[in-house]
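Have a look at the structure below before the remarks.
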Amino acid sequence: MATSILITGGAGYIGSHALVEFLAAGYRPIVVDNFCNSSPDVLRRVEALTGFPVVWHRGDVRDEGMLNAVFSQARQEGMPIDCVVHFAGLKAVGESVAQPLDYYDNNVHGSVVLLRAMDRAQVKRIVFSSSATVYGEPLSLPYTESHPLAPANPYGRTKAMVEAVLADWCASDAARTAVNLRYFNPIGAHPSGKIGESPRGTPNNLFPYITQVAVGKRAKLSVFGNDYPTSDGTGVRDYLHVSDLAMGHVKAVEYASRVAPGCFAFNLGTGRGTSVLELIRTFETATGRPVPYEILARRPGDVAQMWADPTAAHEKLGWWASRSIEDMCRDGWRWQSQNPDGYAECPTI
Ligand code: NAD
Ligand code: WQD
């Protein structure tokens, strides 16, 4: 019988790609999402893409009563939830500086409410969407999981706080397991072009900005700084394909079910850095679309360069990123060119 897992934030960018991989791997995922940064249309597309029905509930992870009902229903159906994969949260760094309480409320309080509902339902395993942002300014590169945590903004602090909550939650019951996945920079889209990233308003991140320039929605890209101590002066990041990242969650759920209980952290990245200009050039070559840009001043708060040491994920989870920057560009472009307005163009169900 299929194992039930609860996926919070399963309609979001990463959650929807993970949903596809969990369905393909034979799990029975149950999505809870309040659609504050997504749409139910995503779930309909996942159903069309995979051929599997998707069980979902519109709800907020801060609503303990709703979560209790979701856990109870799965139990009554004879398929109790075995593990939670927790994507739900807010993720814009600049917004977190302007509205920190929204971030502490959604990301930290929301996680605590979710853990209470898990306790009530006797669910002992969780996989959490953490972020490389928890490391802050790199003392050495690549970041290993033992690098000190010194997040530089409220968003990053919410991630480090939830990791600390999960460590205490695990320490208080010898049967509990938490797997913190520290994502580097996920980009691209499912190779089908049916699901992808659909930011509301002006994109905060580099890759969706590039694809929106390429499709003609924006005139040109602003490159934030070319005077960093990097090969070409622009910022360097560890970009990974969102479908590789999605597969990391299947591996993490498998790991949580076989490992001796405890609290673990894994970097999910490729181990390779790519500069802003390298990403632009690779995108132009892979897609044949020009990306006009101008060089502006550095963006406050940015680090010059960062990339992962993904060895632990490879050795313990059996995971590694296999897709190239070219793949990320081609797949991201397929999504953007086939859906110039993202999910906005779909009728709401
Ligand atoms: P996203 O905004 O596309 O997805 C988040 C989903 O959670 C959305 O569908 C949103 O509607 C939902 N949601 C938000 N608050 C909720 C709440 N209180 N209750 C129920 N649903 C709620 O973001 P994403 O890029 O898919 O990121 C997923 C997770 O991964 C987030 O926790 C994010 O902080 C983390 N993360 C993302 C990145 C990245 O670059 N995208 C990097 C590191 C970590
Ligand atoms: C990448 C590079 C920019 C936009 C952020 C969050 C982090 C994580 C992922 C969730 C940098 C440059 C960007 C643009 C540019 N999210 N850039 N022009 O800053 O590494 O990480 O998203 O956890 O927490 O901080 O990603 O895509 O914003 O920037 O030149 O319009 O592109 O300066 O060098 P970042 P990014």
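Around ILE30, which amide H atoms from residues at least 5 apart in sequence, or from another chain, sit under 5 Å from its own amide H, with H modelled in the peptide plane?
Amide H neighbours of ILE30: ILE5, LEU6, ILE7.
Given an 8 Å cut-off on Cα distances and at least 6 residues of separation, report the relative contact order of region 42-120 as a percent.
The normalised contact order for region 42-120 reaches 36 percent.
On each of the three principal axes of the Cα atoms of the chain, give max minus min coordinate, whole Å, ordered largest first.
If we take the Cα atoms of the chain, the spans are 57, 46, 38 Å.
Tell me, Kirkwood radius of region 245-322 from alpha-carbon pair distances, in Å?
15.5 Å is the Kirkwood radius here.
Less than 14 Å apart at the alpha-carbon level, and either on another chain or at least 8 residues along: which aspartates and glutamates does that give for LYS217?
The qualifying aspartates and glutamates are ASP341.
Hey, what do the phi angles of region 199-211 turn into as Karplus ³J(HN,Hα) couplings, whole Hz, using 6.51/-1.76/1.60 and θ = phi - 60°, x for Gly and Pro?
For region 199-211, the Karplus curve yields x, 8, x, 6, x, 7, 9, 5, 5, x, 5, 4, 5 Hz.
Restricting to region 155-289, compute how many DSSP beta bridges are antiparallel as a %, nearest 5.
Rounded to the nearest five, the antiparallel share is 15 percent.
How far is helix 110-120 tilted, in degrees, relative to the longest principal axis of the Cα atoms in the chain, given as a value from 0 to 90 rounded to the nearest 10?
20
Hey, what do the phi angles of region 126-139 turn into as Karplus ³J(HN,Hα) couplings, whole Hz, using 6.51/-1.76/1.60 and θ = phi - 60°, x for Gly and Pro?
Residue by residue, region 126-139 yields 9, 10, 10, 7, 8, 8, 4, 4, 5, 6, x, 3, x, 7 Hz.
Can you compute 3J(HN,Hα) from phi for each residue in region 273-286, using the Karplus curve 6.51 cos²θ - 1.76 cosθ + 1.60 with θ = phi - 60°, rounded to whole Hz and x for Gly and Pro?
Per-residue couplings from phi come out as x, 9, 7, 4, 5, 5, 5, 4, 5, 5, 4, 4, 5, 5 Hz.
Lysines within cross-link reach of LYS316: Cα-Cα under 29 Å, excluding same-chain residues under 8 positions apart?
Leaving aside lysines fewer than 8 places away in the same chain, those within reach of LYS316 are LYS91, LYS124, LYS159, LYS251.
So for the chain: antiparallel DSSP bridges make up what percent, rounded to the nearest 5?
So the antiparallel bridges in the chain amount to around 5 percent.
Could you tell me the distance between the Cα centroids of region 1-37 and region 292-306, to the nearest Å?
With region 1-37 and region 292-306 each reduced to a Cα centre, they are spaced 34 Å.
Could you let me know the centre-to-centre spacing of region 83-116 and region 164-240, using Cα atoms, in angstrom?
17
Can you tell me the 0 to 90 degree angle between the C-alpha axis of helix 64-76 and the longest principal axis of the chain, rounded to 10?
Long axis of 64-76 versus the principal axis of the chain: about 60 degrees.
Taking H as built 1.01 Å from N, whose amide H comes closer than 5 Å to the amide H of VAL127, not counting residues under 5 places away?
VAL84, VAL85, HIS86, VAL179
Taking loop as defined by DSSP and a crowding limit of 15 other beta carbons within 10 Å, which trypsin sites (Lys or Arg not before Pro) in region 160-230 fit?
Those that pass, being in a loop and sparsely packed, are ARG200, LYS217, LYS220.
Expressed as a fraction of 2.2 N^0.38 Å, the rule-of-thumb size for a compact globular protein of N residues, what is the C-alpha radius of gyration of region 78-205?
So the Cα radius of gyration is 1.15 times the expected 2.2 N^0.38 Å.
Taking the Cβ of TYR27 as the center, what net charge do the other residues with Cβ under 14 Å away carry, scoring Lys and Arg +1 and Asp and Glu -1?
0
Write down the Kirkwood hydrodynamic radius of region 171-246, to one decimal in angstroms, obtained as one divided by the mean of 1/r over all alpha carbon pairs.
15.4
Quick query: amide H of ALA265 versus all other amide H atoms, modeled in the peptide plane; which residues come in under 5 Å with a sequence gap of 5 or more or a different chain?
ASN180
Laboratory data are not the source of any read-out in this text; all were calculated from the coordinates shown. Please read all numbers here as calculations on a predicted model, not as lab measurements. Methodologically, a virtual Cβ is constructed for each residue, glycine included, from the backbone with ideal geometry; neighbour enumeration extends over all protein chains shown.
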